[in-house]
1. Gain in length, Leu280 to Asp142, computed as 0.36 nm per residue apart minus the alpha-carbon separation, to one decimal in nm?
2. Anything over 32 Å Cα to Cα? Flag those among Lys145/Lys345; Lys90/Lys278; Lys121/Lys207; Lys19/Lys153, in the order listed.
3. Excluding residues fewer than 8 places away in the same chain, name every one of the lysines whose C-alpha is closer than 18 Å to that of Lys365.
4. Is region 246-324 best put as rounded, prolate or oblate by its Cα gyration tensor, with a ≥ b ≥ c the root eigenvalues, rounded for a/c under 1.5, and otherwise prolate when a/b is larger than b/c, oblate when not?
5. Which of rounded, prolate, oblate describes region 145-185, given a ≥ b ≥ c as roots of the alpha-carbon gyration tensor eigenvalues and a/c under 1.5 marking rounded, otherwise prolate only if a/b is larger than b/c?
6. Percent of accessible area on the chain owned by carbon and sulfur, 1.4 Å probe?
7. On each of the three principal axes of the Cα atoms of region 47-165, give max minus min coordinate, whole Å, ordered largest first.
8. Less than 20 Å apart at the alpha-carbon level, and either on another chain or at least 8 residues along: which lysines does that give for Lys21?
Amino acid sequence: MGMLGAIMEHPEDLYPLVKLKMAADRIKRQIPGEPHWAFSYAMLQKVSRSFALVIQQLGLELRNAVCIFYLVLRALDTVEDDTSIPSDIKVPILESFHRHIYDCDWHFSCGTKDYKVLMDKFHYVSTAFLELGPSYQVAIEDITKRMGAGMAKFICKEVETVDDYDEYCHYVAGLVGLGLSKLFHASGLEELAPDSLSNSMGLFLQKTNIIRDYLEDINEIPKSRMFWPWEIWSKYASKLEDLKYEENSTKAVQCLNDMVTNALMHAEDCLHYMSALKDLAIFRFCAIPQIMAIGTLALCYNNVEVFRGVVKMRRGLTARVIDQTRSMSDVYGAFFEFSSLLESKIDDNDPNASLTRHRVEAIHKACISSGFLNKRGRHMYESKSYNSVLVLVVVVLVSVLFAILYTK
């Protein structure tokens, strides 16, 4: 039944889904006229629709800086991800990428689909970058340089220990957190956050993605590149790819739970970082992805489907997160609820059950001690009971509305 089936099961998603669709359509109509900015915002929608939505929370000046920051790092990531590029070519490009962003003639063909277009027409991104304020340019160049060097280091180095895992995630995501904090500070809207908290914001998101994307990454062609640390997965299998086979499901889920438990250590830092934000637009920009991360971890935990396909939050739930995240009370409520969902799935026989509970309890304590926990509850993952006839009528009406919106 697809979307209709999901709406029948979760009627409370209807209104947020309509608002999300209208917001997405509005973004498409607001593409700037200048060719370089038109390309940048159009490309942002293609390589990350979710990011293109949350970035709209920001004011124009900061939004432009964050858009270009994201595209520069996405281009850098495209070079790193392209396993067809020989290391002797890839490493120098990664290490010098921070200089190429000043060169409006530079481009490098790699990647596939929309990412190839981004790389082939990177001169548009460079042109837009050169129109940003000097403080924004300095921050973007600094993070690009550090990230490129870190990525180059791990081209020739495997992720073996948990320390390696944290270091890799720092280079590819923690530095994004540091860079965003620098951009927020450069805008004059926020104080400069401590590096440790900014780093945790990035690591929490990156580790969630690494966990969720196991099957896609392990099956990547021409060869897989995995970042699950040997120190963790070797406790459960002789080869990382063995976890995807059905006969190894029990050990695979235990390994998965170990990885999720590791990611949970960053949740308290994330809450601390978000609680210090002053500007509502920046707060929403930061909070929405973090709630998506804790929600995704809750869905992935103890879930063998991570090794069979894609596990992610349903679209309607994503729409509700975007629509309802307005304050730290909302954030505490979502973190409390999703961590409670995760806690309900803990198996006493799991090797890491005790540590997982400890980390969930720490999240609960942080939410409760804040004094801002929304006592009414968000009921994010639960469905309410509705009269079936009423639901059907509403679904039909909304289906008509969606059809009208899609034809415009």
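The values are calculated or read from the model by the stated rules, or taken from the named source; none is laboratory data. Because the structure is predicted, anything quoted here is derived from the model rather than measured. All Cβ positions, even for glycine, are placed from backbone atoms using ideal geometry, and neighbour counts span all protein chains on display. Only protein heavy atoms, including side chains, enter the accessible area calculation; ligands, DNA and RNA are left aside. Shrake-Rupley method; radii C 1.70, N 1.55, O 1.52, S 1.80 Å.
1. Length gained, Leu280 through Asp142: 47.0 nm.
2. Numbers: Lys145/Lys345 42 Å; Lys90/Lys278 40 Å; Lys121/Lys207 30 Å; Lys19/Lys153 44 Å.
Result: Lys145/Lys345; Lys90/Lys278; Lys19/Lys153 exceed 32 Å.
3. Straight-line reach from Lys365, under 18 Å: Lys375.
4. Details: a/c = 4.93, a/b = 1.82, b/c = 2.71.
The shape class here is oblate.
5. On the way: a/c = 5.00, a/b = 1.92, b/c = 2.60.
Note, shape of region 145-185 comes out oblate.
6. Values: 10120 of 18580 Å².
That fraction is 54 percent.
7. 41, 34, 28
8. Qualifying lysines at Cα under 20 Å: Lys46, Lys312, Lys408.
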